[in-house]
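Okay, structure first, notes after.
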Amino acid sequence: MSQTTPYQAPPNGWRTFLIVWVTQSVSVIGSALTGFAITIWLTTGLYPDPSQKAELAWALSAFNLSFAIPVVFGAPIAGAFVDRHDRKRIMMAMDFPNGCVSVLTVLLIAARQLNILWLIVIGVLSSIFGAFHNAAFDTSYAMLVPEEKLPRANGMMQTIWALSGVLAPSVAAMLIALPVLARGGQLPALVSFLAQIPDGTMLAIGMDGVTFFIAALIPLFLFIPSPVRTDLKGHDGKQKSLWADIKEGIVYIWHRRSFLWLLGTFTVANFVGGSQILAPLIVKFQLAPDWSVHGFQMETALALVTTAASIGGLLGGLFITSWGGLKRRRVFGVLVPLIVEGVATVLFGLSGTLYAAAVFMAIGAGMTPILNAHSQTIWQTQTPRELQGRVFSVRRLIAQFSWPASSFLMGALASRFDPGAIVAALGIILAVWCVAGLFNPYLRKIEDRDWIEAKALERAAQSAR
């Protein structure tokens, strides 16, 4: 494989990136509205009784799995596909049907037909569309942004997720409450029609649909280049298969063991991250004695913890955006924040008060943008742009396959054991793994391009024997 080829971003690339960033930020916030609204609907609507703890745990696990499995295991196909086609058109083509899925969800709620089976179907559809959209988007902004600005752009991308977490709980809670307030005569006459809406969840999910349609429209007016491939036909003149492209992405990573060790670290981190689905259970049961004394309801207590985590993530995103990250030895920008995140996870799992839990969630979440921005910059500067779709999607599969496994396991464990103890144990595993990583010679040399490429050529030669 070749090293990173020199690339010149288009003259207005940074401005285009900013427009796309704003558009995608709106869409991500809309999706966060749906995620929070569905969690509240499951927790207080479908399984409201404390005796339904096991059913709620399995429902949260199943809903998360419906997203996790298609997006993770479909990633290599999506990545190979976007390396062959116009990435802007793929982004637009995937946002539109995702908006239609939001409309379907609203209609099911209106007809009182939404249940966990329908939620799984909806999750699978959204995840498939999201897998192709993410593969196209993740590789598009590397085509727009000059290399020296990539760390800042990656920080901004991380800030999107944190910003959505800050805004989504409060906005979703407000939207969910509007019909009830309207029926009680507590809203102006101008919006009294909201009283006719049977469930405020419809408003939150409907807003998500609108953001998807906006995100599908805006790129139509922008220039977002895609790499030109010259290797789609073999020496025999036959078209290279999609599976050959997928294999190429796998081989690229396999021959670069430093990347494999980095992916192994994220595999552990994502497995631990799967325990986040237990947060509603920890809030509802472990922290209930504390938040009930302070006059909170389940919804507001969960919103506080979620919002605190998102504020932490937002601050972390703003920090890495303004700083720009480490210019060398970026792997320490991955491992050290992960160690802090592991310790914060332990403390969250052991928390006995709502405010302490919120603080520890904020600290852990604040590390995520910092470590992800450093990791993404490592990959973008090491991988040729014409290979990034295939390589990044295989990377996602390797790093995130533990996510659906964790989601399934969390449902099984939480139905039998204390959720807080489970989270604390996983935090210890993450911290210990990353401390060991600080002394791993492969990770320490991950930015030594000449060394990595020389080792890759050696392994390629050995494989060819």
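The values are calculated or read from the model by the stated rules, or taken from the named source; none is laboratory data. Worth saying up front: this structure is predicted, and the values here are computed from it rather than measured. Reconstructed Cβ throughout: ideal geometry from the backbone, glycine too, with neighbour counts over all protein chains shown.
Any idea which residue in segment 99-117 is farthest from the chain's Cα centre (by Cα), counting only those that are β-branched (Val, Ile, Thr), closer than 15 Å to Ser66 by Cβ and at pLDDT 90 or above? Spell out the reasoning first.
From segment 99-117, those β-branched (Val, Ile, Thr) are 101, 103, 105-106, 109, 116; that's our starting set.
Checking the rest, the ones that are also closer than 15 Å to Ser66 by Cβ come to 101, 105, 116.
Cutting the leftovers down to at pLDDT 90 or above gives us 101, 105.
Working: Val101: 19, Thr105: 21 Å.
Looking at residues that are β-branched (Val, Ile, Thr), closer than 15 Å to Ser66 by Cβ and at pLDDT 90 or above, I get Thr105.
Could you list, in sequence order, all residues of segment 88-123 that are more than 21 Å from Pro219 (Cβ to Cβ) and among the aromatic types (Phe, Trp, Tyr)?
Trp118
Scanning segment 415-425 for residues that are farther than 15 Å from Gly273 by Cα and either modelled with pLDDT under 85 or buried (at least 18 other Cβ atoms within 10 Å of the Cβ) (or both), which turns out farthest from the chain's Cα centre (by Cα)?
First pass over segment 415-425, keeping only residues farther than 15 Å from Gly273 by Cα: 415-418.
Subsequent filtering for residues that are either modelled with pLDDT under 85 or buried (at least 18 other Cβ atoms within 10 Å of the Cβ) (or both) retains 415-416.
Numbers: Ser415: 26, Arg416: 28 Å.
So, considering only residues that are farther than 15 Å from Gly273 by Cα and either modelled with pLDDT under 85 or buried (at least 18 other Cβ atoms within 10 Å of the Cβ) (or both), the one farthest from the chain's Cα centre (by Cα) is Arg416.
Counting just the residues of segment 381-410 that are over 25 Å from Ile69 (Cα atoms) and either basic (Lys, Arg) or buried (at least 22 other Cβ atoms within 10 Å of the Cβ) (or both), which one comes out modelled with the highest pLDDT?
Thr383
Taking the residues in segment 71-111 that are part of a loop (DSSP other than H, G, I, E, B) and in contact (Cβ under 8 Å) with a residue 12 or more places away in the chain as candidates, determine which candidate is surrounded by the most Cβ atoms within 10 Å (Cβ to Cβ). Give the derivation first.
Narrowing segment 71-111 to residues part of a loop (DSSP other than H, G, I, E, B): 74, 83-86, 111.
Next cut, in contact (Cβ under 8 Å) with a residue 12 or more places away in the chain only: 74, 83-86.
On the way: Gly74: 20, Asp83: 28, Arg84: 15, His85: 14, Asp86: 15.
Only one residue fits best here, namely Asp83.
Within segment 324-341, is even one residue under 20 Å from Thr307 (Cα atoms) and aliphatic (A, V, I, L, M)?
Yes, because at least one residue in segment 324-341 is under 20 Å from Thr307 (Cα atoms) and aliphatic (A, V, I, L, M).
Tally the residues that are assigned to a loop (DSSP other than H, G, I, E, B) and at negative phi, restricting the search to segment 153-187. I'd like the intermediate steps shown before the answer.
Residues of segment 153-187 that are assigned to a loop (DSSP other than H, G, I, E, B), as a first pass: 184-187.
Next cut, at negative phi only: 184, 186-187.
Number satisfying all stated conditions: 3.
Out of Ala142, Ala215, I need the residue that is touching a residue at least 24 places away in the same chain (Cβ under 8 Å), part of a helix (DSSP H, G or I), of a type in the set (Gly, Ala, Ser) and closer than 26 Å to Thr105 by Cα. Which one? Walk me through it before giving the result.
On the way: Ala142 fails: closer than 26 Å to Thr105 by Cα.
Step by step, each of Ala142, Ala215 is checked, and only Ala215 is touching a residue at least 24 places away in the same chain (Cβ under 8 Å), part of a helix (DSSP H, G or I), of a type in the set (Gly, Ala, Ser) and closer than 26 Å to Thr105 by Cα.
How many residues does segment 426-440 contain that are part of a helix (DSSP H, G or I) and exposed (fewer than 14 other Cβ atoms within 10 Å of the Cβ)?
Looking only at segment 426-440, we keep the residues that are part of a helix (DSSP H, G or I), and these are 426-437.
Those left that are additionally exposed (fewer than 14 other Cβ atoms within 10 Å of the Cβ): 432, 436.
Residues flagged as part of a helix (DSSP H, G or I) and exposed (fewer than 14 other Cβ atoms within 10 Å of the Cβ) within segment 426-440 amount to 2.
If you scan segment 188-197, which residues turn out to be in contact with a helix residue (DSSP H, G or I) (Cβ under 7 Å, 6 or more places away or on another chain) and assigned to a loop (DSSP other than H, G, I, E, B)?
Narrowing segment 188-197 to residues in contact with a helix residue (DSSP H, G or I) (Cβ under 7 Å, 6 or more places away or on another chain): 191-192, 194-195, 197.
Passing the criteria: only Ile197.
Return only the number of the condition from (1) touching a residue at least 40 places away in the same chain (Cβ under 8 Å); (2) within 30 Å of Met143 (Cα to Cα) that Asn64 does not satisfy.
Checking Asn64 against (1) touching a residue at least 40 places away in the same chain (Cβ under 8 Å); (2) within 30 Å of Met143 (Cα to Cα), the one that fails is (2).
Among (1) in contact with a helix residue (DSSP H, G or I) (Cβ under 8 Å, 6 or more places away or on another chain); (2) buried (at least 18 other Cβ atoms within 10 Å of the Cβ); (3) not acidic (Asp, Glu), where does Gly324 come up short?
Among (1) in contact with a helix residue (DSSP H, G or I) (Cβ under 8 Å, 6 or more places away or on another chain); (2) buried (at least 18 other Cβ atoms within 10 Å of the Cβ); (3) not acidic (Asp, Glu), the lone unmet condition for Gly324 is (2).
Any residue at all in segment 257-266 that is small (Gly, Ala, Ser), farther than 23 Å from Gln400 by Cα and under 18 Å from the mean Cα position of the chain (by Cα)?
Initial filter on segment 257-266 (small (Gly, Ala, Ser)): 258, 264.
Restricting the remaining residues to those that are farther than 23 Å from Gln400 by Cα gives none.
Among the residues of segment 257-266, not one is small (Gly, Ala, Ser), farther than 23 Å from Gln400 by Cα and under 18 Å from the mean Cα position of the chain (by Cα), which makes the answer no.
Listed residues Thr300, Thr321, Thr353, Thr345; which is of a type in the set (Ser, Thr, Tyr), closer than 30 Å to Pro227 by Cβ and either touching a strand residue (DSSP E or B) at 6+ places or on another chain (Cβ under 7 Å) or in contact (Cβ under 8 Å) with a residue 40 or more places away in the chain (or both)?
On the way: Thr300 fails: closer than 30 Å to Pro227 by Cβ; Thr353 fails: closer than 30 Å to Pro227 by Cβ; Thr345 fails: closer than 30 Å to Pro227 by Cβ.
Unique residue meeting the criteria: Thr321.
It is to be established whether one or more residues within segment 354-361 are under 25 Å from Phe67 (Cα atoms), of a type in the set (Gly, Ala, Ser) and either in a helix (DSSP H, G or I) or modelled with pLDDT under 90 (or both). Spell out the reasoning first.
Kept after step one, since they are under 25 Å from Phe67 (Cα atoms), are these residues of segment 354-361: 361.
Of the ones still in play, those that are also of a type in the set (Gly, Ala, Ser) are none.
No, the conditions are met nowhere in segment 354-361.
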